[in-house]
Amino acid sequence: MDDARYRLEQISFSSPAYQEMIALREKILRTPLGLHFTPNELAHENQDIHLGVFHTVSHQLIACCVLTQINAETIKLRQMAVDQPFQRQHIGSALLRFAEDIALEKGYRLMILHARLHAVAFYEKHGYQAIGEPFLEVTIPHMYMQKKLS
């Protein structure tokens, strides 16, 4: 990201930044649906890659996502969230590019995701292809999407 106001970084599981990440994901993705993370769900994230965007002045976490290995060549982008005051400022795009770069560095060649229907156009703009029909996940319609990384 070229904007000096923000820094992209990997977040360690169970660190204070990871706790901020859980809170942001709850606020943006779960609470509006009446859902909350269970300890069991979060325990399964210990092998995942956690990425965040921090505001350099306030040190506040303003965006995040999770990468989960599917197999040796495929990784799944999950839980992409940008705090509301920072949405529509290209922060999500920068985080997505960062996630793709990290995945490539680790040898993955395909990124998959389940996009909420309102986010499909965002991912299509970044080269992701929708496959199949919408399906329900966490009580709302999603679309399976994928992109070959290069």
| Condition test on ALA43, is it modelled with pLDDT under 95, farther than 13 Å from ARG7 by Cα and not in a strand (DSSP E or B)? | yes
| Counting only residues that are touching a His at 6+ places or on another chain (Cβ under 9 Å) and not acidic (Asp, Glu), which one in the stretch 16-36 is surrounded by the most Cβ atoms within 10 Å (Cβ to Cβ)? | MET21
| remark: Sole miss for THR139 among (1) polar (S, T, N, Q); (2) at pLDDT 95 or above; (3) touching a helix residue (DSSP H, G or I) at 6+ places or on another chain (Cβ under 9 Å) is condition (2)
| query | List the pairs whose first member sits in the stretch 85-98 and is charged (D, E, K, R), whose second member is in a loop (DSSP other than H, G, I, E, B), and whose Cβ atoms are under 9 Å apart, counting only residues at least 6 apart or on separate chains? | reply | ARG97/MET1; ARG97/HIS126
| Between a first residue in the stretch 47-61 that is in a loop (DSSP other than H, G, I, E, B) and a second residue that is among the charged types (D, E, K, R), which pairs have beta carbons less than 6 Å apart while being 6 or more apart in sequence or on different chains? | THR56/ARG5; THR56/ARG7
| task | Could you check ARG78 against (1) buried (at least 16 other Cβ atoms within 10 Å of the Cβ); (2) over 15 Å from the mean Cα position of the chain (by Cα); (3) modelled with pLDDT of 95 or more and say which number it fails? | result | (2)
| Residues satisfying the stated conditions in the stretch 88-127, i.e. of a type in the set (S, T, N, Q) and modelled with pLDDT under 95 | GLN89
| Does at least one position in the stretch 5-23 carry a residue that is modelled with pLDDT of 95 or more, closer than 21 Å to TYR123 by Cβ and in a helix (DSSP H, G or I)? | yes
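The values are calculated or read from the model by the stated rules, or taken from the named source; none is laboratory data. This structure is a prediction, so every number in the text was calculated from the model and none was measured. Cβ atoms come from the backbone with ideal geometry, glycine included; neighbour counts cover every protein chain shown.
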